[in-house]
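Student: Before I ask anything, here is the structure I am working with.
A short reminder: the numbers here are calculations on the coordinates, not readings from a lab. These numbers were taken from a predicted model, which means no experiment stands behind them. When we count neighbours, we look across all protein chains shown, and the Cβ atoms used for this are built from the backbone with ideal geometry, even at glycine.
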Amino acid sequence: MDAHIDESRSDILRKLFHERLKETTADAHQALEDTSISKALVASDLNLSTYKTYLKLMLDVNWDVEENIFPLVSDIIPDLDKRVKSKTIITDLEMLGESDIVPSVRPFTSDGKIITKPLALGILYVTEGSTLGGRYILKNIQNALRLNKDYTAYFCGYGEQTGPQWKKFMEQLSAYAVDQNCEDEIISGAVFAFNKTQEHFSNPGNYS
């Protein structure tokens, strides 16, 4: 009976954490959605140049995560090999005629900030969450640019497994947050990731 009570309490705490994580990061998330390129991506007049610029920006984001964030949380999120996104971005860009594609910026780790496990999980919350949003963006890309799945591998996410993969990730994230009592630090990591991505999107540099 006691074990059942403890399990129920843990489930409640994880759910409350998930809700607080979403609520506390809402403003930073919205600020990212309000960047010019984010808005352009869901506009009916989206052009191919903007689409390619967005992919290049996201290549920087995901490359930094895969190279520098994944190793910090591989013991917490064991299926990271299935969550690699940079390869699909490169494939899309190559299909669109781009060559010599290499990431040029590390949005999260270039300033020497010490990234702890909880902060790393917060960053991963942002990049994994983008896969869910990508399903909505995908429809606009297909409608505006008339591109099929051969040119939109990144936005196809995990295909039919996108929902289950997100649920699995959130279960692992929430369990760690509650068990290790590091909810606030994970939330800080997520806000940090939203802010850094917004900053990156606001300075496309040579990509535009």
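Student: Along each of its three principal axes, how wide is the spread of alpha-carbon positions in region 2-207, in whole angstrom units, largest first?
Tutor: So the extents along the principal axes, rounded to whole Å, are 60, 37, 30.
Student: Below 8 Å, C-alpha to C-alpha, sequence gap of six or more: please give me the relative contact order for region 2-207 in percent.
Tutor: 36
Student: Percent relative contact order of region 29-95, based on C-alpha pairs within less than 8 angstrom and at least six residues apart?
Tutor: On the way: 24 pairs, mean separation 20.0, N = 67.
Answer for region 29-95 is 30 percent.
Student: About its Cα centre, what dipole magnitude does region 2-207 give when the only charges are +1 on Lys and Arg Cβ and -1 on Asp and Glu Cβ, stated in debye to the nearest 20?
Tutor: On the way: 22 positive and 31 negative charges, 121 e Å.
It works out to roughly 580 debye.
Student: Taking the alpha-carbon distance from residue 167 and a cut-off under 12 Å, which aspartates and glutamates remain once sequence neighbours fewer than 8 residues away in the same chain are dropped?
Tutor: Partners within reach: 128.
Student: Classify region 124-208 from the C-alpha gyration tensor, please: rounded if a/c falls under 1.5, else prolate or oblate depending on whether a/b exceeds b/c.
Tutor: Judged from the Cα gyration tensor, region 124-208 comes out oblate (a/c at least 1.5, b/c at or above a/b).
Student: Sticking with this structure for a sec: Which of 191, 118, 166 sits farthest toward the positive end of the charge dipole of the chain, with +1 on the Cβ of Lys and Arg and -1 on the Cβ of Asp and Glu?
Tutor: Farthest towards the positive pole: 166.
Student: Which of the residue pairs 39/196; 139/168; 117/149 have a Cα-Cα distance greater than 27 Å in the structure shown?
Tutor: Among 39/196; 139/168; 117/149, the Cα-Cα distance tops 27 Å for 117/149.
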